[in-house]
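Readers should treat all values here as calculations from the given coordinates under stated rules, not as data from a laboratory. Nothing here was measured: the structure is a model prediction, and the numbers come from that model. Cβ placement follows ideal geometry from the backbone for every residue including glycine, while neighbour counts extend to all protein chains displayed.
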Amino acid sequence: LGMRKSLIQKQLFVPFTRYYSIRATKQTLCQTKLSLPITNFDDKAILKAKSLSELIRTYVVLQSCQYSFFVENCGKMYDTSCKILGNKFTNLVLQKTFFGHFCGGEDEHQTLELMKDLESKKIGSILAYAVEGDISNDNQSQTDSELAKEQERYDKTLQACILCVETAAKRPNGFVAVKLTGLTNPNLLLKLSNNITKLRDIYPKLINFSQTKKESNYLYLLKNCEYSKSRVLYGNLSFDDFKNSLKNFGLFNGNENEMRVFFDDIAKSTNANEIDYIKWIEYFQPTHLDCDIFFRTNNIKLSSSSSLSLSTLSKQDIYQYNLLISRLNKISELGDKYKVRILMDAEHTYFQPAIDYIVIHLQKKWNNNFPVILNTYQAYLKSTFHRVIIDMERAKREGFIFGAKVVRGAYMALERDHAKKTNVEDPIHDTKENTDANYNKVIDTIMQSKNKYSLVVASHNEQSVIFATQKIKEYNLQTNGQIFFGQLLGMCDHITYTLSSNGYSVLKYVLFGPISEVVPYLVRRAQENSAVVKNSLKERSLLSAEIRRRIFPFL
């Protein structure tokens, strides 16, 4: 009887055990489904995954950042401490406080441990090697030895980026952020941007002169764009309009047959009927420019009588440009091999046209089957919505995957100061409300796209994150592998953890490198993002409540 009872129990309960085991597995899988949309970030229990020491450090660091004097002088304070107390002691204190809070580690081993810890909380990582450059006032040509030494520094940055990619590849959904000013001389990007901008801006002049302004259907989204320059981009140019416009501006000194060849080259078609803005900007290659004749091809010479003032590109410039492209292709090739996404960070507006040009061509090459390359769009710039529409259309025409990280922007004070000094229009939206509206419009437009894309919604703004989750629900989008959210490591953890707990793909931007190299970078980021840090009242309130709960559970 005992044996029979045992046999009956096995026959009856084993199927039930299997059933509930399978059911439990399905329930676990179902937990990864999204709870859409998020309506607030007020859950006091959301920080339970953090240790008490992490909570206290976060609170102390964020509270310290409330003081303007500290934020504005932290770089000087670091230098003074190194001189008086020594590098070793100063760096040790930083490791336990600010560096430990905002950075992933000094080497790949420390960073990998942090990545594993974040992954256990269902949070991914964007690895970034903390290096960037700015323009130099030294316009003298470099000697061969100076050029070689400079290239060694950029090759060192390349190796660091490669290490980041290899480290990111060890975890799922790897991301690496790259700054182009860390891989080449920023003055080169400035020259390229100057030429690209001036050639790009010829087309609106041609359209304005033309009597027939046939609207291009892909630009319908720009009708309500607040940025006035965008409105003149509507329309295609016929050959006759093109010819008359160029002659009117004195930009062409060839005969009509040569002009016809020029027009067909732009259109990439023999006896083409029309060209548009995208074909125009795709045609020009900044490394082929020569300021003596404006532009040269095998058949065409455009007049130098115009006041375009294009920057001369020396042999050194061409050499450095080719080295930059070689470095970026090495990083991209590795990203493609390991399926790690490479985020090209946005930089100052006087570099951005060159960065955009380079990134779009990298996307053409590498974003065929997987979104290896993502460009960064700063929503506080008036031109950003226009750029997104143009780049999405180029991706559609060329058949590659559009990749975008959308941020608000981090160079506001510098950009406005630069605009005043150079007597140009302020590139930044006049109000925060305009920036917020532009940010939401950009991510909404990308999400509505019928073509393939990869999007990182990088924001510390609760309302924009809520808006994005609402649009994901409205458009019935799958976020796994297509849409990610991102915040800086050490900032807005209440947003990050809420997104993670609701099943969204969320990332932390993790700086990586030796303290001596990372601290200057951190100082700049702290000063540029001071408004975000100072507005961390809710996060500090949640931290304070969780700390009290841990220390005084009986209250």
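Here are some notes:
- Take each peptide in 500-512, 438-450, count the other Cβ atoms within 10 Å of every residue, and average; sorted highest first, the result is 500-512, 438-450.
- Inter-label distance, Asn255 to Lys450: 4.7 nm, where each label sits 7 Å from its Cα along the C-beta direction.
- From phi via Karplus (6.51, -1.76, 1.60), per-residue ³J(HN,Hα) for region 395-402 in Hz, x at Gly/Pro: 4, 5, 5, 7, x, 10, 7, 6
- Hits among aspartates and glutamates - C-alpha to C-alpha of Lys88 under 13 Å, sequence gap 8 or more where chains match: Asp79
- Most tightly packed first, judged by the mean number of other beta-carbon atoms within 10 Å of their residues, the peptides 424-435, 91-102 read 91-102, 424-435.
- FRET efficiency estimate (nearest 0.05) - Cβ-Cβ, Thr270 to Arg397, R0 30 angstrom: 0.95
- Amide H within-cut-off set for Ile126, under 5 Å, with H built and near neighbours excluded: Lys508, Tyr509, Val510
- Efficiency of FRET from Cβ geometry, Glu517 and Lys339, R₀ 35 Å, rounded to 0.05: 0.80
- Amide hydrogen neighbours beyond the local backbone of Ser454, cut-off 5 Å, H modeled: Phe402, Gly403, Ala404
- Above 19 Å, the calculated P(r) of region 57-192 contains 65 percent of its Cα-Cα pairs.
- Cβ crowding within 10 Å averaged over residues, with 72-81, 344-353 ranked highest first: 344-353, 72-81
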